[in-house]
1. Given a Förster distance of 56 Å, report the FRET efficiency between residue 56 and residue 172 from their Cβ-Cβ distance, rounded to the nearest 0.05.
2. Can you tell me which of 293, 125, 235 moves the most in a GNM of the chain? Springs connect C-alpha atoms under 10 Å apart.
3. Would you calculate the separation in nanometres between label points at residue 359 and residue 203, each defined as 7 Å from the Cα along the Cα-to-beta-carbon direction?
4. Expressed as a rounded percentage, what relative contact order does the chain have, with Cα pairs under 8 Å and six or more residues apart?
5. Against the empirical 2.2 N^0.38 Å scaling, what ratio does the C-alpha Rg of the chain come to?
6. Could you give the angle, 0 to 90 degrees to the nearest 10, between helix 2-25's Cα long axis and the longest principal axis of the Cα atoms of the chain?
7. What base-10 log of the normalised intensity I(q)/I(0) is obtained for region 80-124 from the Debye formula, alpha carbons as equal point scatterers, at q = 0.14, 0.19, 0.23, 0.33 Å⁻¹?
8. Put a dot 7 Å past each Cα toward the Cβ at residue 247 and residue 90; how far apart are the dots in nm?
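Nothing in this text is a laboratory measurement; each read-out follows from the coordinates by a stated rule. Only a predicted model underlies this, so the values are computations on that prediction, with no experimental measurement involved. Because the Cβ atoms are built from the backbone with ideal geometry, glycine has one as well, and the counts that use them run over all protein chains shown.
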């Protein structure tokens, strides 16, 4: 009797082994190369977004038609880093201006996403402050739903913005840090209020190996479901100096419960291509999938916009196909990068920073359907 029982157990084990081997050999059992490069352990990982889902997302967000420039600077200035939001049936864009001294943040308005009028400054140079010469702002707490309202939400009766701040003059010179600004009217061209000190700094005691040198752009979402235990989640790109390639920029996370006190989340970057730049994240949600638009540069030739997907905000699968945006026109022949992507009335608009061979720098847009061609061009040659 014991012998029969043992034989039955062995037969069951053979069947289980056969099923496991069959499962592992099926084409649907695959791993994201990008995920495996940045994650250790978790061999059978449910966090990986499958290739067919990544392809479906790509087909939804791609914008093969370049409309062209929508905002260009005045002489001897450069503009960069658009953030688009909707308020009272009008569209607004915050963007940054570099004039040789540093960054200031400006505001523009549109009723159709293609024709923009500059309104004025909302964060300017100041004196005797930690951010006196650098204030590059990025709108926060926007409705992140794909084809949603794109409205910015109030928290504690204020609208919010994170920004790249610094004291040193020049193009991203010195040690850059993250500041927080706030206002009660998001459409007025008046100075936003700012905290007296940065909220994330490379000099913090808990600085990580990947952000202990300087910190660049940030974006903040309001995740009311608290997917990772916090309502306010910041994605920022930074440069560190104590591991691997010191010149690489990587994307990491920080969290807050009140928009005032922030702490780093995790001990590793969430987007890391090992060299070059990975930066300027913009987050949206398509169905149950978080989508991060970001730009890459110099880990392959040029500068270009990419995306990654996640089920939980922490574990990201890289898109392995063609770029969303790269250089192809005279107005973006040097760089085409730094995405802000929305869908409105069935049309996808991919705003980005376009840089030509003369280092003229402006805001351009590509769309999912042919919207014609912009008549705007750079007004000067450097």
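1. 0.95
2. Of the options given, 125 has the highest mean-square fluctuation.
3. 2.9 nm
4. Reported relative contact order: 17 percent.
5. The value comes to 1.08.
6. On a 0 to 90 degree scale, this one is about 30.
7. Once normalised to I(0) and log-transformed, intensities are -0.32, -0.55, -0.75, -1.22.
8. The answer from the label model is 4.5 nm.
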